[in-house]
Amino acid sequence: MSISFVPNLQMMACVQIAIPILNIPEIQYLIDSYSPGWQLPENIEVCTVIEKTTMEKILNLRLAILLQKMVKNCVMNMFSQIIECKNTYSLVLTDCSNHVNKNFKFFWKCDGTIDQKKTVKALIENQDLNVKERFVLASRFCLADDALCLWKSMIETQKCFTPLELECQPLVKLWIEMYEDRSLCMKITPQILESSVLKSNVYMLRYATQMLPYERQRPYLLRTALKGEISIDIMAFCLSQLDKCDQEIILKNSTTKVLQCVLTWPYQCMFKNVADYLWTYLSREGFCDVLWLILLKVMHQEWSDFRLMEILKEFWFESPAHFKEHAKQQPIYEPLMIALNCNMHSFPRCELSEACIQSLKKFSPKNLCIIMLECLYLI
């Protein structure tokens with residue numbers, strides 16, 4: 001099986017319809033009113049209003065029913081990305097909310113994901129922002145030329161970082177070490193290749209891979225993809241850069257992680273085909289892990305993502321009988337039944353959340369920790 005992350009024409013068309021809807025002042029105001037913090041009642045209310053407003057705009061376009069659902073799904077997932085970006089930028093920018101607001105323009109790729117390179121570049125070109133914070137942003141997103149220019153423009157006191165700051169920003173530390181060594185490009189040493197940064201920061205992985213000789217790129221990406229603790233965007237990048245034979249190795253040896261990857265928007269349209277192919281590789285335990293991950297993603301959403309519910313139902317009903325029997329004996333079965341019996345018109349958020357919490361309590365602390373760590377890489 002060959003996995004391609006190139007979006008189809010239908011997806012690209014839906015994204016082009018979704019972008020103007022997101023830019024409507026009414027929607028922009030609602031996005032700005034979203035508060036930091038997960039599952040706050042006021043945030044769920046904001047999401048509900050955005051859903052309602054989005055559907056009103058979509059109905060005016062007279063699209064087919066299927067396209068209406070796809071466009072709405074695009075808008076809500078793109079909205080979620082904006083919130084996630086704001087949270088990420090706020091870890092660096094002291095006054096993030098005053099600069100990343102309704103007047104700030106996000107750049108989008110054709111698959112509906114934020115083009116971080118262009119978006120961050122626009123942000124760090126804002127002279128009103130603190131130059132040290134702009135440098136940190138450029139470093140985190142591996143905008144090498146911009147980071148170097150900003151570093152050169154900083155006075156000595158601005159170049160001082162505390163040990164704690166460098167510990168929290170390992171990528172910034174790598175760039176500073178390069179500049180202090182007076183190098184024009186980073187030396188990709190074995191230590192850097194094995195650094196934890198390359199397991200979680202896809203921009204650094206892309207940069208490091210490009211700096212390697214061509215003959216070393218493929219084995220390094222394959223080895224990276226087979227590590228269990230990598231993030232979802234790292235897995236997607238590795239799969240996108242490798243050929244069918246290498247992808248097959250990953251599908252066989254990292255089955256659950258691949259399913260986690262295609263469970264993430266905008267790759268969800270691939271989930272059924274990939275899952276159908278992977279039944280022979282998937283274990284009973286891996287099956288329950290994927291069910292948990294879908295349920296926890298549903299819980300994590302602050303809007304009614306019925307596409308995830310559809311994926312869950314398809315995955316369950318097409319699973320082998322002995323997988324179902326195994327799941328019936330596990331703590332997941334009670335919350336799973338709540339989700340599977342959902343009528344697809346009312347979202348059972350509270351009931352599902354309570355059942356999931358009670359079921360998670362049945363796990364040992366060690367197993368619970370493993371599940372939650374896996375979910376951090378997914379959600």
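Below is a table of values for the structure above.
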| quantity | calculated |
| --- | --- |
| Neighbour-count ranking [beta-carbon atoms within 10 angstrom, fewest first] of ARG62, ARG206, ARG140 | ARG62, ARG206, ARG140 |
| Value of [θ]222 nm, deg cm²/dmol, for the chain, DSSP H segments ≥ 4, -39500 (n - 2.57) each, nearest 500 | -20000 deg cm²/dmol |
| Normalised contact order of region 135-275, rounded percent, pairs of Cα under 8 Å and 6 or more residues apart | 15 percent |
| Cα-based shape type of region 98-206, given that a ≥ b ≥ c are square roots of the gyration tensor eigenvalues and the cut on a/c is 1.5 | oblate |
| The chain: most fluctuating residue of PRO25, PRO190, PRO331 per GNM, C-alpha cutoff 10 Å | PRO190 |
| Overall form of region 213-319 per C-alpha gyration tensor (a/c, 1.5; a/b vs b/c) | prolate |
| Point-to-point label distance, ASP32-LEU61, nm (Cα→Cβ direction, 7 Å offset) | 2.4 nm |
| Label-point gap, in nm, between THR162 and LYS313 - each point 7 angstrom along Cα→Cβ | 5.3 nm |
| For the chain, built as a Gaussian network whose Cα springs stay under 10 Å, the top-fluctuating residue of GLU125, GLU56, GLU156 | GLU156 |
| Cα-centred dipole magnitude for the chain, charges only on beta-carbon of K, R (+1) and D, E (-1), debye, nearest 20 | 540 debye |
| Relative contact order of the chain, defined on C-alpha pairs under 8 angstrom at six or more residues apart (%) | 14 percent |
| Gyration tensor verdict on the chain (Cα atoms; rounded if a/c is under 1.5, prolate if a/b is larger than b/c, oblate otherwise) | oblate |
| Under 14 Å from LYS69, Cα to Cα: aspartates and glutamates that are on another chain or at least 8 residues apart | GLU51, GLU56, ASP305, GLU310 |
| Aspartates and glutamates with Cα under 12 Å of LYS199, excluding same-chain neighbours fewer than 8 positions away | GLU229, ASP233 |
| At least 30 Å along the helix axis (C-alpha) and Kyte average at least -1.0, DSSP helices within the chain | 65-90 |
| Positive-end residue of CYS142, CYS96, ILE249, charge dipole of the chain with Cβ unit charges | ILE249 |
| Flagged links, alpha-carbon separation over 25 Å, of LYS117/LYS187; LYS86/LYS272; LYS297/LYS328; LYS227/LYS361 | LYS86/LYS272; LYS227/LYS361 |
| Fluctuation leader among ALA64, ALA339, ALA144 - the chain, Gaussian network, Cα springs under 10 angstrom | ALA64 |
| Under 12 Å from LYS121, Cα to Cα: aspartates and glutamates that are on another chain or at least 8 residues apart | ASP145, ASP146 |
| Cβ-based exposure ranking for CYS149, CYS85, in which fewest neighbours within 10 Å come first | CYS149, CYS85 |
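Every read-out reported here was derived from the displayed coordinates using simple, explicitly stated rules and does not represent laboratory data. This is a predicted model, so every value here is computed, not measured. In this analysis, Cβ positions are derived from the backbone assuming ideal geometry, glycine residues included, and neighbour counts consider all displayed protein chains.
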